Amino acid sequence: SKDRIAKSIVLEAEASGQLSAGGTIVEGTSGSTGISLAQVAAARGYRCVIVMPDDQALEKRQLLARLGAEVVLVRPAAIVNRDHYVNVAQRRAAEIPGGFFANQFENLANFRAHFLHTGPEIWRQTAGAIDAFVMSAGTGGTIAGVGAFLKAENPNIQVVLADPQGSSLYHKVNDGVLYTHEQAERRIRRHRDDTITEGIGIDRLTANFAAGLDFIDR
């Protein structure tokens with residue numbers, strides 16, 4: 001899944017002139033997309049800088065380093081904080097000559113990768129015998145892109161979001177309001193509930209999730 005979007009983001013950036021020879025790919029990630037971007041960067045001759053929270057699995061950092069990426073660790077913070085890993089990555093990209101901010105959450109190359117490739121692969125490999133597609137949401141690109149494609153093939157397929165407690169996307173899908181009761185707390189923490197999950201259960205509507213929102217049933 002992440003290999004697809006990394007390839008799509010880089011190829012589209014090259015085609016649009018946002019990324020060229022000698023450039024640097026910069027991304028804020030909980031790890032998985034960063035690993036895929038590091039591989040694509042190495043294959044295509046780019047430098048790669050990955051900014052990630054310091055509470056993510058050690059194995060992710062180690063693998064990124066082995067793939068040649070520069071890893072920048074930051075303290076966990078809410079997205080509204082300038083020191084959130086995505087915001088730090090965006091600034092880093094702007095500071096580096098030839099820097100390109102991959103922006104997996106808002107870059108619709110993510111959605112397109114799943115609409116044009118992942119969705120059709122699932123449809124072909126199941127011979128269309130699908131009752132439901134169930135997916136969590138990090139960037140939202142997979143559930144949105146695959147869901148949009150599958151609904152185009154068969155409107156009766158159910159597309160279901162399965163997110164951890166504390167995700168505001170639950171109410172966005174079911175009630176049309178981006179909210180979770182944990183947001184009523186006086187202190188807005190990065191993780192409002194204890195969870196072992198990494199990279200899913202966010203409290204904002206990304207461009208990628210929004211692109212497929214109408215195709216998510218519940």
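The values are calculated or read from the model by the stated rules, or taken from the named source; none is laboratory data. All values derive from a computational prediction rather than experimental measurement. Here the Cβ positions follow ideal geometry from the backbone for every residue, glycine too, while neighbour counts run over all protein chains shown. Calculation scope for accessible area: heavy atoms of the full protein, side chains included, ligands and nucleic acids excluded. Shrake-Rupley method; radii C 1.70, N 1.55, O 1.52, S 1.80 Å.
Annotations
- Close pairs from the stretch 50-69: first under 19 Å from ARG82 (Cα atoms), partner part of a helix (DSSP H, G or I) and open to solvent by 10 Å² or more (accessible area, probe 1.4 Å), Cβ under 8 Å, at least 6 apart: VAL51/TYR85; VAL51/VAL86; VAL51/VAL88; VAL51/ARG92; MET52/LYS60; MET52/ARG61; MET52/TYR85; PRO53/TYR85
- Residues of the stretch 61-90 satisfying the condition of being more than 18 Å from the chain's Cα centre (by Cα), in a helix (DSSP H, G or I) and buried (at least 16 other Cβ atoms within 10 Å of the Cβ): LEU63
- Screening the stretch 1-46 for residues that are in contact with a Ser or Thr (Cβ under 8 Å, 6 or more places away or on another chain) and among the acidic types (Asp, Glu) and picking the one that is nearest to LEU58 (Cα to Cα) gives GLU27.
- Being at pLDDT 95 or above and either over 21 Å from THR29 (Cα atoms) or open to solvent by 50 Å² or more (accessible area, probe 1.4 Å) (or both) is not true of ALA144.
- Tabulated pairs, the stretch 75-97, first in contact (Cβ under 8 Å) with a residue 60 or more places away in the chain, second part of a loop (DSSP other than H, G, I, E, B) and of a type outside the set (Asp, Glu), C-beta under 7 angstrom, 6+ apart or interchain: PRO76/ARG190; ALA77/HIS84; ALA77/ARG190; ALA78/HIS84; ALA78/ILE188; ALA78/ARG190; ILE79/ARG204
- Scanning the stretch 36-46 for residues that are open to solvent by 30 Å² or more (accessible area, probe 1.4 Å) and among the hydrophobic types (A, V, I, L, M, F, W, C) yields ALA42, ALA43.
- Scanning the stretch 128-148 for residues that are part of a helix (DSSP H, G or I), in contact with a Ser or Thr (Cβ under 8 Å, 6 or more places away or on another chain) and hydrophobic (A, V, I, L, M, F, W, C) turns up ILE143, VAL146.
- In the stretch 15-35, the residues that are open to solvent by less than 10 Å² (accessible area, probe 1.4 Å) and not in a strand (DSSP E or B): LEU19, GLY23, THR29, GLY31, THR33, GLY34
- Test set (1) closer than 30 Å to ASN156 by Cβ; (2) polar (S, T, N, Q); (3) open to solvent by 40 Å² or more (accessible area, probe 1.4 Å) - THR118 fails condition number: (3)
- Verdict on GLU12 being open to solvent by 30 Å² or more (accessible area, probe 1.4 Å), over 16 Å from TYR85 (Cα atoms), touching a residue at least 60 places away in the same chain (Cβ under 8 Å) and out of contact with any strand residue (DSSP E or B) (no Cβ under 9 Å at 6 or more places or on another chain): yes
- Flag for ASP163 being without any contact (Cβ under 8 Å) to a residue 40 or more places away in the chain, surrounded by 20 or more Cβ atoms within 10 Å (Cβ to Cβ) and not in a strand (DSSP E or B): yes
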